[in-house]
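Accompanying notes for the structure given below.
The values are calculated or read from the model by the stated rules, or taken from the named source; none is laboratory data. For clarity, every value in this text was computed on a predicted model and none was experimentally measured. All Cβ positions, even for glycine, are placed from backbone atoms using ideal geometry, and neighbour counts span all protein chains on display. Areas reflect the complete protein model, heavy atoms only, side chains present, ligands, DNA and RNA absent. Shrake-Rupley method; radii C 1.70, N 1.55, O 1.52, S 1.80 Å.
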Amino acid sequence: MSEYEELYQEILLDHNKNPRNFGRLPLATCSAEGYNPLCGDHIKLYLTVENEVIADVRFEGSGCAISRASASMLGEAIKGKSKGEALALFATFRDLITTEEGGKSLSESELGDLIAFHGVRAYPVRIKCAVLAWHALQAALNGESVAVMTENSHDHHTLKVAK
Ligand code: ZN
């Protein structure tokens, strides 16, 4: 393991052990749930959005270390950002963990601790664990207070909602 990989591992384990923003948000303006049946991850995300800015975020649920660490870091990363900025960060994060180029073109400052997920790219099954909370974020911001579920195919999800 390289020095960097060890550091990334430590960041992930720390977020899993001491998840930031864990719990409910009584005054949440939107929320969404995410399920990853392949791994058994279940996350519910609560947001308080004020004037298009994410003022607060919490999550609860259970799942593997990757899904918990991802939800924990998501909260840290999006608090204080506008809805648009948060969704752009999701796209950046997805690039990081799904494409070879993504990891190279992104600066560490853009991603902060999220950079620790770059190794997930090598484990396709784990990618679903890592993006679960982000799919829930997207659903919550789009006003779909429903469950999202990761699908078998690479990097797709099903919105369980009748439109
Ligand atoms: Zn998982």
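A few comments on the model shown:
- Scanning the stretch 21-35 for residues that are open to solvent by 70 Å² or more (accessible area, probe 1.4 Å) and either within 17 Å of A136 (Cα to Cα) or outside any loop (DSSP other than H, G, I, E, B) (or both) gives F22, R24, T29, Y35.
- Restricting attention to the stretch 36-59, the residues that are surrounded by fewer than 17 Cβ atoms within 10 Å (Cβ to Cβ) and either on the phi > 0 side of the Ramachandran plot or of a type outside the set (V, I, T) (or both) total 7.
- The condition of being away from the ligand (no atom under 15 Å from the Cβ) and over 23 Å from K83 (Cβ atoms) holds for only one of L45, L7, that being L7.
- Count of the stretch 60-86 residues, restricted to those that are assigned to a strand (DSSP E or B), within 16 Å of the ligand (Cβ to nearest atom) and open to solvent by less than 50 Å² (accessible area, probe 1.4 Å), is 2.
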